[in-house]
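Each reported figure results from applying straightforward, stated rules to the coordinates on display, with no laboratory input. In this text the structure is predicted, and so the values were computed from the model without any measurement. Positions of Cβ are backbone-derived with ideal geometry, glycine not excepted, and every protein chain shown enters the neighbour counts.
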Amino acid sequence: MVYITEDLIRRRAEHNECEIFSLEEVTLHQQDIEKIDYIERWCRELKILYLQNNLIPRIENVGRLKKLEYLNLALNNVEVIENLEGCESLQKLDLTVNFVGQLSSVELLRHNVHLRELYLVGNPCTEFEGYRQYVVAALPGLKCLDGKQISRSERIRATQGLEEVRRRVRQQEGEYQRKRAKEKEEAQRKTERRASKPRCDGRWYTDINNTVPGSEENQEKTPDSDEQQRERDFWGKPTAFTPESRLEVHRHVEEKRRAKDKEKEKKLKAPRTLITADGRVMNVNEPKLDFSLSEDEDSNTLVLDLAVFRHMDSSLMDVDVQPTYVRVNIKGKIFQLVLSAEVRPDSSTAKRSQTTGHLLLTMPKAEGEIKVTRSVSRPPRVSRSRGRPEDSTRSSDGVERLEVDPSRHAATDWTNIVPRQSAKEGPLETRLSSDHAPFSFSEGFVDDPDVPPLM
């Protein structure tokens, strides 16, 4: 059962910035709603309410809508006109194609003094003898009934024979009520039979198909043909147009829709692998587009020309450039290509051609790219002392390794690069050298022992 929720009303109140307390008009048609609820609490300022083409059986919870002027309940399961006395401003009521059989309930609309238009086309009560005369006489303020204006002379004639018309209407109402009671009992028995007869495979089936599971006729048929036969029987068998039959059709359609949704979920393909577990990027072309990857040596860039559909909106595409690959999401389908060289994503650009609609990606190459080159074997070095090749050792894997004597090649002692001063010398005193002149202080210089030396 579908109910009216606050979220549903807010989604329908986009024209009012999703505010429902000041909402004056709301459209809730074709929502499979089965009960009117909460509207009179949330939308007190409502003037127009559309509830057509739902499954509403009763008119309820609208009595506090004092400003309501138009109520549309066409194509529902309403059987009695009721609970509208509080709608003081009601001017138009549409109950087209419902199941109103109690015509005397129309007299309850006398409290709606502003009511001017009433639509009851397609209801069982319209087949009653004297239907229009009864409604016109019962509602003296009504101006239009079922889209036809009420003239003054018609109102006078309807008032003159009102008692006789009311008597005939009451009699026809009784007959209709007895008929509806039988229809309800038949619908109840049908529901009980359907619930008490499981199929041999665990599925439930209606009483339309009375073939016994396991019979020769049933064994010759495949499950698909049985399902198709039951579907033909369901839609081919004539039934009375009642609220119960309308609900049954709705339930049947909903079950078929859910079954199709489950089949689609089962048939959904597994998500395509874009990057493997070991980090290897895959080439993917789900939209099946033509493309070309070229290299512009003058500008040192890579250019990808992707043949996107000409009339596709650019907002449906998402471009992601990475140093080693590029990925384009086109309406949920992935195009991914591994690049031949490393590029700079922050300097890359994406443009659309105004004539062909192609997507053009320009990706500058990264500076300082490290390329793998083949190793070239060098001739052995000749020893200066002996004039023959130095001894070398070859490992089992074919790689030559030179032997180095650690005693001859000691590490450099960086502490002896600058000569240390004697402890007796002052912080600014230096030794005299034969190659340098003695150091002299500038005029007015004062030696402060608290200041550390520069070296």
Task: Length added when fully stretched, L247-H15, from 0.36 nm per residue minus Cα-Cα - done: 80.3 nm
- [ ] Can you spot the lysines whose alpha carbon is less than 30 Å from K92's alpha carbon? Ignore those fewer than 8 places along the same chain.
- [x] K35, K47, K66, K67, K143, K148
- [ ] Just round it to a whole percent: the fraction of Cα-Cα distances in the stretch 6-174 exceeding 26 Å.
- [x] 29
Task: Order by protection proxy (mean Cβ within 10 Å, highest first), peptides 148-154, 108-114, 125-131 - done: 125-131, 108-114, 148-154
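May I ask you to compute the full-extension gain from Y3 to E129, defined as 0.36 nm times their residue separation minus their alpha-carbon distance, rounded to one decimal in nm?
The Y3-E129 span can extend by a further 41.6 nm.
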Task: Computed label-point distance, nm, for sites S353 and E163 using a 7 Å Cα→Cβ extension - done: 9.1
TODO: Would you mind giving the average projected area, over all directions, of the Cα convex hull of the stretch 284-364 in nm² with one decimal?
DONE: 5.1
Open item on the list: What does the extension gain come out to for D233 and D261, with contour length at 0.36 nm per residue minus their alpha carbon separation?
Closed with: 7.8 nm
- [ ] List E79, E88 from most exposed to least, where exposure is judged by having the fewest other Cβ atoms within 10 Å.
- [x] E88, E79
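Would you list M363, M282 from fewest to most Cβ contacts within 10 Å?
M282, M363
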Open item on the list: Between T27 and F445, how high is the FRET efficiency from 1/(1 + (r/R0)^6) when r is the Cβ-Cβ distance and R₀ = 60 Å? Nearest 0.05.
Closed with: 0.05
- [ ] Order these peptides, 308-316, 19-27, 2-10, 442-450, by their mean beta-carbon neighbour count within 10 angstrom, highest first.
- [x] 19-27, 2-10, 308-316, 442-450
- [ ] Give me the percent of DSSP beta bridges within the stretch 6-174 that run antiparallel, rounded to the nearest 5.
- [x] 10
